[in-house]
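Chemist: Attaching a single structure in structure tokens format; questions to follow.
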Amino acid sequence: MNINEDIRFEDFIISFKTVWNKIIICLAGAFLMFAIGIVLTWNSDVSNYYSSYVRLYSNSYGNVEESNDAMIIMNSYAEVITSSKVCERAASSLPQYGFSASEIADLLKVSSSDKVVIMIEATYTDPNVAEAVANAVAESFVIEMRNITGTNAVQILDSADGARRTYSGFGRLWEKRMLFFAIGFVMVAGVIFVMELFSNKARLVEQFTLDEDDFILGIIPEADSKNGK
């Protein structure tokens, strides 16, 4: 008789209870993985990153057609913002930081929520540097657009004024370590659960029910309570 040939719902309940009864072992595994996580992330970068923003808009005081043309020009040349020419001009205006054009480009993200306004985002570990880079790139782009189009179609709507923290290095570090803790707990709990679920332990009376394939070797007689047998 195979007492575990069919897994019942009660088996899952009992397996969960087994995990709960061995919660200390699960926590021990979790803390072991947590310690491993600390070792592996010991030299991780814990820098905070700050982002500063500049908004650009198409400046046109003519008719509707001219205004549309100005917007098309601005959006068509949006990729110029991260070009080497614009970034070189921005870097040269910030000699105190010693950035190269490629380093300036790596700090930038350009987005547009509509066809009217373009957002330049500069991100760095120092909020003051992020602000300075955002403004320098915006001014450089306006100059470049003036050189390309011969007009003042693109202007700065809002200059960067301060920066906000967009990434917490210390917080991210502890998120990784807590993930190691959770993985350790789940791994140990999972092993205990599976071992209990697929063990050959008899948990229910129904598991001893005979079927047509079982072979009876013998029957133990009931004890006679009167004779003590």
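Chemist: Calculate one ³J(HN,Hα) per residue across the stretch 89-101 by plugging θ = phi - 60° into the Karplus curve 6.51 cos²θ - 1.76 cosθ + 1.60, and present them in order as whole Hz with x for glycine and proline.
Modeler: With the stated coefficients, the stretch 89-101 comes to 5, 5, 5, 5, 7, 10, x, 5, 9, x, 6, 8, 4 Hz.
Chemist: Oh, and also: For M195, M145, what ranking results if the residue with the fewest other Cβ atoms within 10 Å of its Cβ goes first?
Modeler: M195, M145
Chemist: Let me ask something else about it. Sort W20, W174 so the one with the fewest other Cβ atoms within 10 Å of its own Cβ comes first.
Modeler: If I rank by nearby Cβ atoms, fewest first, I get W20, W174.
Chemist: Let me ask you something else. Taking amide H positions as placed 1.01 Å from N in the peptide plane, with prolines and chain starts having none, which residues 5 or more places from S83, or on another chain, fall under 5 Å of its amide H?
Modeler: none
Chemist: Something else: What does the charge count near S52 come to, summing +1 for each Lys or Arg and -1 for each Asp or Glu among other residues with Cβ under 14 Å from its Cβ?
Modeler: -2
Values in this text are rule-based calculations from the coordinates and carry no lab data. Just so you know, these numbers come straight off a predicted model, no measurement behind them. Counting neighbours? That spans all protein chains shown, and the Cβs are built from the backbone with ideal geometry, glycine included.
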